[in-house]
Amino acid sequence: MKKILLSFIVIILISNSLTLHVYGEQILSDIKKKELIEKVDKLLKEGDNVNLRRNVNDVFLLGDIYSEEGEDKKAINLFTEALKVDAWRLEYQLKLAKLLTKNKEVNQAMQIAKIVYELAEEEKLVVEAEELLNNLDKNLLGKLKEKDIKQKKEIEDNIEIIIVPIGDVNKRLLSELREHLEKNIGIKFSFFKKELQSGNFDRSYAVLYVKKIFENITSSLSSYNIEQLLHEVNLKKSDVDIHEGKIKLIKTYFNKIPEGDKILKEFETNLKNLESEGQYDVDRIIGELRNILPIDKKSKIKGYLGITEVDLFGCDSNFLFAGAIENYGVVSYLRFKAIFNGETQNRHRLLERTLKQSLSSTLFILGIPRCITPNCVHGYPNNLYEHDQKSVEMCTQCSDRLNSYIKHNLDVDSVKK
């Protein structure tokens with residue numbers, strides 16, 4: 001039953017591809033520009049990565065406008081914020097690099113131009129990135145072609161993260177994960193003495209199923225037809241913001257279409273089946289970790305990383321791979337498993353996917369913010385495909401920030417001694 005449900009959820013929750021808007025040399029009126037500024041300001045203040053990603057083209061557009069008007073600092077800020085959630089927009093990575101070069105931020109410009117040069121498939125982008133790099137450092141392109149010599153990190157025992165199993169977890173996976181985390185981060189990782197329980201789920205899969213069906217129906221109807229449906233079942237527009245209101249409208253719609261009885265019966269059967277399994281609120285789980293495992297600032301333990309197989313969500317998201325704040329985080333590997341994605345089993349792939357997310361969450365636990373490098377392990381993935389494109393390695397910026405964190409904490413510890 002669980003396999004059937006998981007396969008079904010995968011089908012109904014596949015994210016729609018973002019429509020890329022080509023703005024070209026679009027000129028906005030003062031009124032439209034003011035509206036765009038207000039919308040972008042609101043998006044950035046909300047701090048919701050999912051919503052920001054949905055509307056990221058507005059942020060890029062406003063950045064383009066500021067760039068054309070010579071407002072370089074404003075453009076740099078907007079391109080940076082947008083690239084944090086859509087780092088694979090290499091054309092904007094290059095625009096940012098050029099603006100940074102213009103404003104004498106040479107080191108950061110070089111790092112970003114290297115990203116475009118190494119990842120871009122479009123010849124135009126590659127040539128422009130190559131030209132920019134040649135202007136910044138004529139020897140750099142030769143160095144990029146040399147094979148990197150990677151040195152193993154020494155494990156620092158005086159800084160420690162505790163891995164906390166939550167629910168029924170794969171012990172072998174966690175054991176391998178711990179070894180790789182130590183190797184990649186360079187600090188000690190230990191296991192908590194016992195498993196914590198995730199409790200009852202916070203949102204059933206039925207909620208997501210109803211939301212998807214509701215969106216499909218309303219997107220196919222005119223505003224007038226929607227108003228008619230609402231009036232027929234005595235609902236206000238605000239009533240369909242809640243789960244029960246959506247169900248009422250869906251049933252009314254099915255009763256009006258050909259073979260509606262059959263479709264309605266299938267809908268009700270699916271709804272009943274999906275009520276029995278669900279997702280867990282990542283904020284609640286992190287809150288419980290905080291309560292159970294408080295941080296003693298004098299201790300070498302700097303944070304707790306929960307690992308679980310339960311499905312996570314936060315706010316209005318369909319799902320989350322993980323959630324993390326300073327000192328605490330939780331990672332779910334459910335959506336990395338072969339059975340969830342209709343793939344053949346491959347533990348190395350499962351470990352690599354889980355490792356990437358755990359590395360990124362660990363950096364958040366240590367207070368290291370998101371970077372804008374698309375293939376950095378700390379880059380923001382909007383889906384599993386983008387997650388798989390990331391490296392297990394940190395970019396220069398994240399690596400420098402991590403080294404600075406370790407050095408600072410060792411200095412503090414040495415002063416205490």
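The numbers here are math on the coordinates, done by the rules we state, and not lab data. As the structure is a computational prediction, the values presented were derived from the model and not from experiment. In this analysis, Cβ positions are derived from the backbone assuming ideal geometry, glycine residues included, and neighbour counts consider all displayed protein chains.
Okay, here's what the table says:
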quantity: No Cys partner within the rule (Cβ under 4.7 Å), the chain; calculated: CYS315, CYS371, CYS398
quantity: Candidates GLU156, GLU128, GLU343: whichever shows maximal mean-square fluctuation once the chain is modelled as a Gaussian network with Cα springs under 10 Å; calculated: GLU343
quantity: Max mean-square fluctuation residue, GNM over the chain, Cα-Cα springs under 10 Å, options LYS188, LYS124, LYS74; calculated: LYS124
quantity: The chain: relative contact order in percent, alpha carbon pairs under 8 Å with at least 6 residues between; calculated: 15 percent
quantity: Modelled label reach - GLU38, point 7 Å along Cα→Cβ, region 55-75 residues with backbone N closer than 20 Å; calculated: 55-63, 65-66
quantity: For the chain: rounded, prolate or oblate by the Cα gyration tensor [a/c cutoff 1.5]; calculated: oblate
quantity: Computed E for GLU130/ILE325 - FRET, C-beta separation, R0 35 angstrom, nearest 0.05; calculated: 0.30
quantity: Expected-Rg normalisation [2.2 N^0.38 Å, Cα atoms] applied to region 266-417; calculated: 1.20
quantity: Cα centroid separation, region 42-112 to region 194-218 (Å); calculated: 34 Å
quantity: Gyration tensor verdict on region 203-274 (Cα atoms; rounded if a/c is under 1.5, prolate if a/b is larger than b/c, oblate otherwise); calculated: oblate
quantity: Globularity index of region 171-319, i.e. its alpha-carbon radius of gyration over 2.2 N^0.38 Å; calculated: 1.52
quantity: Per-residue [θ]222 nm for the chain (sum of -39500 (n - 2.57) over DSSP H runs n ≥ 4, rounded to 500); calculated: -17500 deg cm²/dmol
quantity: Cβ charges +1 (Lys, Arg) and -1 (Asp, Glu), total dipole of region 203-274, debye; calculated: 180 debye
quantity: Built amide H within the under 5 Å cut-off of LEU312, gap 5+; calculated: TYR280, LEU320
quantity: In nm, spacing of pseudo-spin labels at LYS193 and GLU68 (7 Å Cα→C-beta vector); calculated: 6.5 nm
quantity: Relative contact order of region 203-274, pairs being alpha-carbon contacts under 8 Å that are 6 or more residues apart, as %; calculated: 39 percent
quantity: Protection-proxy order for peptides 290-301, 267-278, 242-253, each taking the mean of Cβ atoms within 10 Å per residue, highest first; calculated: 242-253, 267-278, 290-301
quantity: Counting DSSP beta bridges with both ends in the chain, the antiparallel % (nearest 5); calculated: 25 percent
quantity: Using a Förster distance of 35 Å, the FRET efficiency for ILE339-GLU121 (Cβ separation, nearest 0.05); calculated: 0.60
quantity: Order of ASP58, ASP137, ASP157 - criterion: other Cβ atoms within 10 Å of each residue's Cβ, fewest first; calculated: ASP157, ASP137, ASP58
